[in-house]
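Right, I'll just put the structure down here and ask away after.
Rule-based calculations on the coordinates, nothing more; no lab input. It should be emphasised that the depicted structure is a prediction, and the values quoted were computed from it without experimental measurement. Cβ atoms come from the backbone with ideal geometry, glycine included; neighbour counts cover every protein chain shown.
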């Protein structure tokens, strides 16, 4: 491309140089021709002017000679003879005797008046010779040469001057030019351009004023004509070119030196320049011939070079063609090239029959046959999309086809390109056989689907298990607590306590099993929120005080103060980790022992992070080195009889480890059998702003619930009864609905603000809790429907269940079995918010 | 663009007319260069109505692509000076017979230098040099020469066997011979300034053409405002001596100085006068039309070799310098000039009369009327009269005083000389009235506002119900401002007659038919749109059937239908000769209508009197009305 540009530029430079040289030569030649021609013309017309001048001089000389003779001539006959002889020599037209008053007398005695105007006085009074234009009726305009003479008398005519006259036409002979084949014109003009002697040729006949003629010239400006007028007035000489009817003429002008006349020579330039123009044109032709010869040689050289290049290129093309042919036969891609205008098939790779089962010739005949391969009805034809592809762009499709010979389903990935090939638009289609890939992909997809189905089944199973176990557990624990409040007999109380403890253990076991299961299935996510990290420790310590209330264990704390307590952390998970570790410490430390809890804060990996370190040290039973290695394994418990002594599921530390991992932290343990254990937890947390923490605080204000009205939606009678008993014990007025529909109906039928809160079970017949909530929230004419707190109270206890409740428009979530303290907290929080 | 120009032109025309009817303005406007239908418009002012005889129709026929506006103006440079003084632009082509470089010098800056034109090149140099200014410019081109000398009734000479004179003595002998027979030997219309000027110069041409005479004349024609040239004291005393002798020799009688044209020509035609002063054209006319063989004799000298004929250019022609600004118009005007000064053009100007050409390549054969002046022509004894405005006026004044015996030759010379040095135009100063409204003389679809104003004024002043002008009767726009007597006289075209009569409506329709419709033999009373009749108290419609040919339509009287049987008093103003003469329009007024026309309003009543008297009553040229509506035939 660059080379071509250089060649083009060089060609242009050469051409421009050639044109410039030609133009310069032409200009130089024209200027030289003009100079030479005008010099030549000036010389010729100067001679003509000289002839006129000579005529005038001779006339004056003759008349001066005649005057003395006329004065002394013996007779009129002698005078006549003398003048007639002079007329033959000088060729004048007439001879006149002139009187004082301008009257004339010819030799033949004809009289008349010769109008010399003011020159008569010069002639008669001033005794000066004069030349004047005059006219006598019915005669051509005449030029009068008159000289004063001594007073004389001829035929009784008193004269004081004599004159000869020339018809203007007689003067033409003096100005005649024999050169230029009669195409030269000569004129004598007055300063205002009026022609007094007209020797114009055919082209310049019947003109009376030379300036009027020049005004028709397109090549002369008004200023140039004015300059010429000035030159005539001042008697200057010169030459110029003008044109008449598009034909250029040379004009040479020279003062005649009498009467203000100027002699003009006018010749067509082509006549004057004929020989020089021929020389110039011949030279131009020769030079042009040489230049053309050189150009032809250059052209032949360039053609030769191009041929060699083309040969090399052909070779390359053949090689590429061979390569492409081999490729196109052996690859699983069909290539087509289509003309964009007509969709005519310019090329189709020969493997099309193998891959698609259609003969190549059939495709060449009509490319639309490809669209018949598509196995699914309604699939958009690719050919219809092609016009929308712009040059340089491409479109892609996946197509399921039927092999036309085998009838097998085959899959193709089709890529269509649009290319501009030397101004012609082409579509190139690459139909890549992806049947193998498609089959592998299909198998993988099936496997994934199976795995996902299994996972979904497991989740559903766990959810169902959780829900179905919690529901009866709720009844067991609930009614046990109710029974305990009935002041039973000691034996019964003991039994009830055992039932409750067993139930709670069972519940813990269930919760742990579900938690570990959910962690493994990735259901539990790490959700850091802005918190005061010191408050987390405080909460844990308050829980620990409950654990230690009936134990004789020394509990020490060491709580450092962090530089910035506000961090992003999952406080629930941290709390669970610490409660788990501290709970084990309490559980495995005998009375009289001690437990130490330390919280410290250290710089993190960057300015934004800090490392929170918790350390729990006890003087409990400790663990063997072998067990410490498996302490975080599921269901691991040291076979020391502790299992029976210290009740547990064997999942607590496994869950703790999973939580710490989830938060990106580490947990380590040091223990010696019989001496105690030390658990160290390190968690990286990111600092945050205080204001974000404050926004989350909703301190409870109302703690007295007497008279609060709650609509309870619960289909299970037992659970409903437990809930009503517990709520009514708090002084709350409870209205029960047996399902979602009834809940909506009761809310609708009661006046606005009848209820302070709705507690909504989720899994109910007829209308579930989510839909019932939506129905209430969307009541158009009940302003309280949007603001009344709705709390989910359900055996669905997982975090996603909590989120689902909130998404359905509820304000809180209580999981069964119901813990009274939790109920109170939730009610208070929502009534105050 | 041309359509837009035409539209603007039409709008401005309409606005001018409507404005002219009701408005007031200080100046009037000439039409611009854009003619109708994109034609080049050329305005040409004619010194005399005779130019309309053959020249204007010939020009319109020869140049159909040019829109000519021909206006009859006045034969004096003062007229054009007045136009310029009123703020009017110089018309494109102007003509004037009374000419001298002195008179024309104030116009020089408004006129084009023609010295470098092709048309000037067609002149014999010696004739053109007369008009060359000191600056070298030539602004005036002389039209062919008219011969104005002594006309003799050859039939009368033959009848009484009295030889035609060849010298002054024979001239006197012939006079005496005729008077012995009771026939006046020589008489002329001494009333007119041109007669006084020509006879005064004609009787002493050898003196005036002597070395001293020509030298003085060149000095006089080159005079400037600061260098007034008086009469030469060698030549001119002889001129007055010869003139005094001439008056005596032709038996001038007391009160002859009041003789006008008709009182002189009629006795000549009746064979009661043998010789009068006249032009060659008139000699031919009398010969052909009156059957009186008339020939031109020269002004006689002592011998036949001293005889001269008096000549003058039929008119001088100049071109406005404004024309130079428009190349296309300039070219068109030059073509028109070339045509006018061609042989064919000069014949059209001469309208068949004998003239002498100043141009090369133009050959006009002299008529038989000039056969007795041929020697003078051949010997170049052609005297061109000295014709400046002041010489005309002073010649009349001094000659009349000589005729009345107030001056002898010496006294005449001295008075003439004194007046020439201190010439004051007697009619140029006194303001007679102040015109309030200006009216254009542009001719539109509703006629000319200026012509209508004039005709309304004449009708009002004369108390007639209807006034009909045969053609456009104004020679210039009507200006707002002061009017002197001279300016008043210039308002109305020269040489009009005024009549009154009582005509029925049907007869008025016939009058209008006479003035408008093309006659069966093709004679057309309207040779140019400006010659459309001008009416007052009467409105009419015409349809232009083809260029320059019209058909009369509806006629109303003050907006009401013309009643055929109702008798109306009518004022008729116009030139009978022009309309009726075969060589002009050839449209004679029907005899019965002519018979009902009362005698000329007052004997020798001129258009000067007519307009002067009218203005004495109205004190204003009245508002114009839309007297005509010109429709185009579809």
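Pairs of Cα atoms under 8 Å, at least six residues apart: use those to get the relative contact order of the stretch A:293-385, whole percent.
This gives 15 percent for the stretch A:293-385.
For the stretch B:433-500, what ratio Rg/Rh do Cα atoms give with a Kirkwood hydrodynamic radius?
With Rg and the Kirkwood Rh in hand, the quotient comes to 0.94.
I've got another one for you. Please list the three semi-axes, largest first and in whole Å, of the ellipsoid equivalent to the stretch A:322-389, using sqrt of 5 times the eigenvalues of its alpha carbon gyration tensor.
21, 15, 11
Quick one: Debye curve from the alpha-carbon atoms of the stretch A:651-807 only, equal weights, vacuum; give me log10 I(q)/I(0) at q = 0.15, 0.16, 0.20 Å⁻¹ to two decimals.
Results for the stretch A:651-807 at q = 0.15, 0.16, 0.20 Å⁻¹ read -0.90, -0.95, -1.23.
Something else now. For residue A:346 and residue A:16, FRET efficiency with R0 = 51 Å and r from the beta-carbon atoms, rounded to 0.05?
0.75
Taking the stretch A:51-100, how much of its Cα-Cα pair set, in percent, is spaced more than 13 angstrom apart?
61 percent
Per residue, how much space in cubic angstrom lies within the convex hull of the C-alpha atoms of the stretch A:406-471?
Hull volume over Cα atoms, normalised by residue count, gives 151 Å³.
How are the alpha carbon pair distances in the stretch A:373-447 distributed across 5 Å bins from zero to the largest one, expressed in percent?
Spelled out bin by bin, the stretch A:373-447 gives 3, 14, 20, 20, 17, 12, 8, 4, 1, 1, 0 percent.
Here is a further query. If each DSSP helix of 4+ residues adds -39,500 (n - 2.57) and the sum is divided by the residues in chain A, what number results at 222 nm, nearest 500 deg cm²/dmol?
Calculated from helices alone, the mean residue ellipticity at 222 nm is -15500 deg cm²/dmol.
Is the C-alpha gyration tensor of the stretch A:18-154 telling us rounded, prolate or oblate? Criteria: a/c under 1.5 is rounded; beyond that, a/b larger than b/c is prolate, otherwise oblate.
Since a/c reaches 1.5 and a/b is larger than b/c, the shape of the stretch A:18-154 is classed as prolate.
Hey, could you grab the Kirkwood Rh for the stretch B:418-555? Inverse mean 1/r over distinct alpha carbon pairs, Å, one decimal.
16.8 Å
Express as a percent, rounded to the nearest 5, the fraction of DSSP beta bridges in the protein assembly as shown (both residues included) that run antiparallel.
80 percent
Dividing the alpha-carbon radius of gyration of the stretch B:501-566 by 2.2 N^0.38 Å (N being the number of residues), what value is obtained?
Normalised by 2.2 N^0.38 Å, the Cα Rg of the stretch B:501-566 equals 1.12.
For chain B, what does -39500 (n - 2.57) per DSSP helix run (n ≥ 4), summed and divided by total residues, give at 222 nm, in deg cm²/dmol to the nearest 500?
Computed mean residue ellipticity for chain B: -11000 deg cm²/dmol.
In whole angstrom, how far apart do the alpha carbon centroids of the stretch B:187-238 and the stretch A:783-812 sit?
Each part reduced to its Cα centre gives a spacing of 138 Å.
Next question. Binning every alpha carbon pair distance of the protein assembly as shown at 10 Å from zero, what are the percents per bin?
P(r) over the protein assembly as shown, rounded to whole percents: 1, 6, 9, 10, 9, 7, 5, 4, 4, 4, 5, 6, 7, 6, 6, 4, 3, 2, 1, 0, 0.
Give the whole-number value, in cubic angstrom per residue, of the convex hull volume spanned by the C-alpha atoms of the stretch B:111-152.
97 Å³
Let me ask another. Once the Cα atoms of helix B:280-289 and of chain B are each reduced to a long axis, what angle between those two axes, in degrees from 0 to 90 to the nearest 10, is obtained?
That helix lies at roughly 70 degrees to the long axis.
Dividing the alpha-carbon radius of gyration of the stretch A:543-687 by 2.2 N^0.38 Å (N being the number of residues), what value is obtained?
So the Cα radius of gyration is 1.06 times the expected 2.2 N^0.38 Å.
Shifting gears a bit: Counting other beta carbons within 10 Å of each residue's own, what order do B:183, A:581 fall into, fewest first?
Fewest-to-most ranking of B:183, A:581: B:183, A:581.
Compute the projected area of the convex hull of the Cα atoms of the stretch A:360-519, averaged over all viewing directions, and report it in nm² to one decimal place.
The number I arrive at for the stretch A:360-519 is 17.5 nm².
Next question. What translational diffusion coefficient, to the nearest whole µm²/s, does chain A have by Stokes-Einstein, given a Kirkwood radius computed over alpha-carbon pairs, a temperature of 4 °C and 1.567 mPa s viscosity?
30 µm²/s
Share of Cα-Cα pairs in chain B beyond 48 Å, in percent?
Tail fraction, whole percent: 14.
How far is helix B:505-516 tilted, in degrees, relative to the longest principal axis of the Cα atoms in chain B, given as a value from 0 to 90 rounded to the nearest 10?
The angle comes out at about 60 degrees.
Also: Relative contact order (percent) for the stretch A:739-784, with alpha-carbon contacts under 8 angstrom and 6 or more residues of separation?
Here the relative contact order equals 51 percent.
Once Rh is set to the Kirkwood radius over Cα pairs, what Stokes-Einstein translational diffusion coefficient, in µm²/s, holds for the stretch B:271-402 at a temperature of 4 °C and a viscosity of 1.567 mPa s?
Stokes-Einstein gives a translational diffusion coefficient of 74 µm²/s.
What FRET efficiency would be calculated for the residue pair residue A:561, residue A:440, taking the C-beta separation as r and a Förster radius of 60 Å, to the nearest 0.05?
The formula returns an efficiency of 0.50 here.
What's the exposure ranking of A:262, A:557, B:484, going from fewest to most Cβ atoms within 10 Å?
Lowest count first: A:557, B:484, A:262.
Report, in degrees rounded to the nearest 10, the 0 to 90 angle that the Cα long axis of helix B:235-249 makes with the longest principal axis of chain B.
For B:235-249 against chain B, the angle is about 90 degrees.
Taking only C-alpha pairs under 8 Å that are 6+ residues apart, what is the relative contact order of the stretch A:397-480 in percent?
The normalised contact order for the stretch A:397-480 reaches 17 percent.
Taking the beta-carbon count within 10 Å as an exposure proxy, list A:381, A:388, B:499 from fewest neighbours to most.
The order, fewest Cβ neighbours first, is A:388, A:381, B:499.
Relative to the compact globular guide of 2.2 N^0.38 Å, what is the alpha carbon radius of gyration of the stretch B:126-250, as a ratio?
1.34
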